[in-house]
Amino acid sequence: MKKLQKEGRMVLTFCGRADDASPSRGMHCFMWGLLAEALRDMVSQIEEEKVDSFNMPLYVPSPSEVRSVILNEGSFIINRLETFEVTSGKAFPRKDEDDDDDYMITGSKNTVNFMRAISESLVVSHFGKEIIEELHKRCREIIAPRLSREGSRKTKHLSIVISMTRR
């Protein structure tokens, strides 16, 4: 393993939550609950033990938690820590009163693509690549009717960007 160069710089970007409130609330937990529901629906195609033993190691920290962990670990100096909101509305089509079906289909595809980008390698390593297309099809079917007219377009995700220098 290479030793990190002194005064080397690193920039990280990852999902976060706005405050120190419970990490088990919010959109991230909602989305992964839908993935779990789709997996449970597929128990007839997947071994039940595999479904029961699947773990999605996901933690969405607050900016203060990130700052605290880095400062307590001590190897890096924080140059800058910023947050910005990413609005899901850009991923969803405009809502026309007469076009509920298209709105829900496009919104569910975009949501599943976001989930897929994060989870696919873990899902494939645990269950095999054979289930991927069916799993994501089921996720879209579960998500589409749950998209609310206002909630989907107003959903905001927090991204944390941190710039650090090695001590």
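Charged neighbours of THR165, selected by a Cβ distance under 12 Å, balance to +4 (K, R count +1; D, E count -1). Summarising the label geometry, the points placed 7 Å from Cα in the beta-carbon direction at GLU37 and LEU122 lie 1.9 nm from one another. The listed residues HIS157, HIS126, HIS136 rank as HIS126, HIS157, HIS136 when sorted by accessible area, largest first, using a 1.4 Å probe. Using the Cβ of PHE127 as centre and a radius below 14 Å, the other residues enclosed give a net charge of -4, where K and R count +1 and D and E count -1. Each Lys or Arg adds one and each Asp or Glu takes one away; over the other residues whose Cβ falls under 10 Å from the Cβ of PHE76, this sums to +2. Accessible-area rank, largest first, for LEU158, LEU58: LEU58, LEU158, with all protein chains present and a 1.4 angstrom probe.
The values are calculated or read from the model by the stated rules, or taken from the named source; none is laboratory data. Note that the structure is predicted; figures quoted are calculated from it, not measured. All Cβ positions, even for glycine, are placed from backbone atoms using ideal geometry, and neighbour counts span all protein chains on display. Just so you know, the surface numbers come from the protein's heavy atoms only, side chains and all, with ligands and any DNA or RNA stripped out. Shrake-Rupley method; radii C 1.70, N 1.55, O 1.52, S 1.80 Å.
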